[in-house]
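*Asks:* Here it is: the structure, laid out below.
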Amino acid sequence: MRFAIIASRFNQFIVDQLVKGAQNVLEGQVTHDIIWVPGALEIPIVAQKAAKSGQYQALVCLGAVIKGTTHHYEHVSREVHQGITRVSLDCGLPVTMGVLTVETMAQAIERAGGTCGNVGANAALAALDVAKTIEKLGAKS
């Protein structure tokens, strides 16, 4: 199997840790490519193109949206989540959500390998699980 990790460069300090967590899970299990995008809002369109390429059996989407002083955070978070879900359903491919939507940098650090674990690793585990389940069902991704 071949997976793609689609990762946002925005808040890269955090996202790098999510990518490492995902890679640690995928190493030795599947081959994978890392595709970097500028920000979280660009994840769904690139995920859609990757899914339609036929090269991948699953996509792991990683990013960090951290609340600021405006409502922009809420709009970005909602659109990214809806976009990723849409790609998965429209393309019939496991597309997992490892995009943090947190209120503080401290919360992001906790979820990028800190006290709350690593969301990137969790997203990669979910992708592996769903891809293997689809394979067992004999269904084409």
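We did not get these values from a lab; they are worked out from the coordinates using the rules stated. This structure is a prediction, so every number in the text was calculated from the model and none was measured. So basically every Cβ, Gly included, is an ideal-geometry build from the backbone, and we count neighbours across all protein chains shown.
*Asks:* Within region 25-44, can you find the residues that are over 16 Å from Glu79 (Cα atoms), in contact with a strand residue (DSSP E or B) (Cβ under 8 Å, 6 or more places away or on another chain) and surrounded by fewer than 18 Cβ atoms within 10 Å (Cβ to Cβ)? So that I can check it myself, show each step before the final result.
*Replies:* Let us first name the residues in region 25-44 that are over 16 Å from Glu79 (Cα atoms), namely 25-36.
Imposing the further condition that a residue be in contact with a strand residue (DSSP E or B) (Cβ under 8 Å, 6 or more places away or on another chain) reduces the set to 26, 30-36.
Correct list: Thr31, Asp33, Ile34, Ile35, Trp36.
*Asks:* Give the residues of region 5-31 that are in a strand (DSSP E or B) and farther than 12 Å from Ala123 by Cβ, sorted by residue number.
*Replies:* Ser8, Thr31
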